[in-house]
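For reference, the structure discussed in these notes is given below.
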Amino acid sequence: MIYLTLFLEFFKIGLFCFGGAFGMLPLIEETVVSYGWLTEAEFYNFVGVCESTPGPIAVNVATYIGSLQGGFLGSLCATLGTVLPSFLIILLIASVLKNFTENKFFKGFIKGVQPVVIALILSTGATLLAKAFGYVSLQEFQVDWICVVIFALLCGIYFGAKKLFKKKLSAVWLILISCSLGIGVCSLASIL
């Protein structure tokens, strides 16, 4: 039964989420937390890990949750559920609707979805930032000073490198630098 649940829940996520990974995160979080597969804190920690690993975040989360709940077969069901809707929709569009982008209903659909996608992405970004800095609930905020220090150092390095080298650091460098800062600051904090 868990295999069918994993497939159907992640199929729903894949079917109803637009705007990429950050548009999917609220629905993934709602599903994962409501089933008790991860706590909210575990989910946000895992999102941080997923952002540092190759591959789409929704696929990474689906594979991980599926593996936790049903082993290899569970990860296969959850991952297939996540990617199958997009595959089928693109296959339909490519094979049936050659001039789909010029269709007035399609244009209207896209115009209607864009504000929701933007809101979901902004909401996810704001939530991730708040959680990283210590937001627990409206009544509770526990500042995570290590995260604040790492964020400030990373911003300083990013803008300093941009000013010095006249170009932005790549995402790969930012991930490597932030991992190094995390190890260094946490090590230093444990000594103090």
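Towards the positive end of the charge dipole of region 1-146, with charges on Cβ (+1 Lys, Arg; -1 Asp, Glu), say which of 34, 24, 70 has the farthest Cα. So the residue we want is 24.
Mean sequence separation of contacting Cα pairs (under 8 Å, at least six apart), scaled by the length of region 19-80, corresponds to a relative contact order of 24 percent. In this Cβ point-charge picture (+1 for Lys and Arg, -1 for Asp and Glu), the chain has a dipole of about 1020 debye about its Cα centre. Based on Cα contacts under 8 Å between residues 6+ apart, region 1-132 shows a relative contact order of 35 percent. Helix 104-133 and the long axis of the chain differ in direction by around 30°, with both axes built from C-alpha atoms.
Figure note: 111, 12, 131 ranked by solvent-accessible area, largest first, 1.4 Å probe, ligands and nucleic acids not counted: 111, 12, 131.
Just the protein heavy atoms count here, and of the accessible area of region 72-152 at 1.4 Å, carbon and sulfur take up 76 percent. Relative to the 2.2 N^0.38 Å rule of thumb, region 49-91 has a C-alpha radius of gyration ratio of 1.17. Adding -39500 (n - 2.57) for every DSSP H run of four residues or longer, then dividing by how many residues the chain holds, sets the calculated 222 nm ellipticity at -28000 deg cm²/dmol. Look at the dipole of the chain built from charges on Cβ: of 164, 7, 43, the Cα furthest out on the positive end belongs to 164. For region 43-57, the Karplus equation 6.51 cos²θ - 1.76 cosθ + 1.60, evaluated at θ = phi - 60°, returns couplings of 4, 5, 5, 5, 4, x, 5, 4, 5, 9, 10, x, x, x, 4 Hz by residue, with Gly and Pro reported as x.
If you look at the Cα atoms of region 114-164, you get an Rg and a Dmax of 14.3, 42 Å. Counting only Cα atoms, the size of region 146-185 along its three principal axes is 29, 17, 11 Å, in decreasing order. The HN-Hα couplings worked out from phi for region 173-185 by the Karplus form 6.51 cos²θ - 1.76 cosθ + 1.60 (θ = phi - 60°) are 5, 4, 5, 4, 5, 5, 5, 5, 4, x, 5, x, 5 Hz, whole numbers, x standing for Gly and Pro. Normalised by residue number, the volume inside the convex hull of the Cα atoms of the chain is 173 Å³ per residue. Backbone phi angles across region 142-158, fed through the Karplus curve with coefficients 6.51, -1.76 and 1.60 (θ = phi - 60°), yield HN-Hα couplings of 10, 5, 8, 4, 4, 5, 4, 5, 4, 4, 5, 5, 5, 4, x, 5, 4 Hz in residue order; Gly and Pro are listed as x.
Evaluated at q = 0.25 Å⁻¹, a Debye calculation over the C-alpha positions of region 84-181 (equal weights, vacuum) places log10 I(q)/I(0) at -1.28.
Accessible surface calculations at 1.4 Å, restricted to protein heavy atoms, place the chain at 64 Å² per residue.
The values are calculated or read from the model by the stated rules, or taken from the named source; none is laboratory data. This one's a predicted model, so the numbers in the text were calculated from it and none came from an experiment. When we count neighbours, we look across all protein chains shown, and the Cβ atoms used for this are built from the backbone with ideal geometry, even at glycine. Just so you know, the surface numbers come from the protein's heavy atoms only, side chains and all, with ligands and any DNA or RNA stripped out. Shrake-Rupley method; radii C 1.70, N 1.55, O 1.52, S 1.80 Å.
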